[in-house]
Structures are given as C-alpha cells and as structure tokens.
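First the structure, which I've put down as structure tokens, then a few questions once you've had a look.
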Amino acid sequence: MDTTFETLEAEVLKLPSAQRAKLLDRVVASLDADAARDAAWDDIAARREAESVQFEPLEDVLARLRDERA
C-alpha cells in the first residue's frame, strides 16, 4: 500500500464518527458519475411512495382462500 494512502487512512480513522460518515457520503457521491440515473430512480421511488395502497380486510382474504381451497 502507498504510504500516503496509509497516512490518510490513519488520519481519517481518528475523526469522530459523524465526520467520518460525512466524509464517506462525499467520497461515495464523487464515485457516482451518473446523476441522470440517480434522478430517474429517485423519481420512480417518489411515484411508488405516492401510490395509494388498498388493503383488503383479513376476514375477506381468509374467506376467499377457503373458497379457493374448496
């Protein structure tokens, strides 16, 4: 390993966890060069989250399953 890397690693590991987390976020963000892809995924996630979900009462589900087995 490069001594510069080892020195940097040692210094980073001395940081408080909150600062290490912030640094990690920045490093990961710098590796992700496809902002358009990320924006598309964020859009899909937001749409799915906004969709309303209809729940069926448990009794109805159980009755339908019983009928299907019969």
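The values are calculated or read from the model by the stated rules, or taken from the named source; none is laboratory data. Given the structure is predicted, the values throughout are model-derived calculations rather than measurements. Because the Cβ atoms are built from the backbone with ideal geometry, glycine has one as well, and the counts that use them run over all protein chains shown.
Restricted to region 1-26, and to residues that are of a type in the set (Val, Ile, Thr) and surrounded by 10 or more Cβ atoms within 10 Å (Cβ to Cβ), which residue is farthest from the chain's Cα centre (by Cα)? Full working, then the answer.
Just the residues of region 1-26 that are of a type in the set (Val, Ile, Thr), to begin with: 3-4, 7, 12.
In the following step, the residues that additionally are surrounded by 10 or more Cβ atoms within 10 Å (Cβ to Cβ) were identified as 7, 12.
Values: THR7: 31, VAL12: 24 Å.
Restricting to residues being of a type in the set (Val, Ile, Thr) and surrounded by 10 or more Cβ atoms within 10 Å (Cβ to Cβ), the top hit is THR7.
Residue under question is ALA36, and the condition is that it be loosely packed, with under 10 Cβ neighbours inside 10 Å and modelled with pLDDT under 95; does it hold?
Details: loosely packed, with under 10 Cβ neighbours inside 10 Å: yes; modelled with pLDDT under 95: yes.
In short, yes.
Just checking, which of ALA29, ALA45 is surrounded by 10 or more Cβ atoms within 10 Å (Cβ to Cβ), over 30 Å from GLU9 (Cα atoms) and among the small types (Gly, Ala, Ser)?
On the way: ALA29 fails: over 30 Å from GLU9 (Cα atoms).
ALA45 is the lone residue from the list that is surrounded by 10 or more Cβ atoms within 10 Å (Cβ to Cβ), over 30 Å from GLU9 (Cα atoms) and among the small types (Gly, Ala, Ser).
Now for a separate question. Determine which member of the set SER30, SER52 is at pLDDT below 95, under 18 Å from the mean Cα position of the chain (by Cα) and of a type in the set (Gly, Ala, Ser). Outline the logic, then answer.
On the way: SER52 fails: under 18 Å from the mean Cα position of the chain (by Cα).
Residue meeting the stated conditions: SER30.
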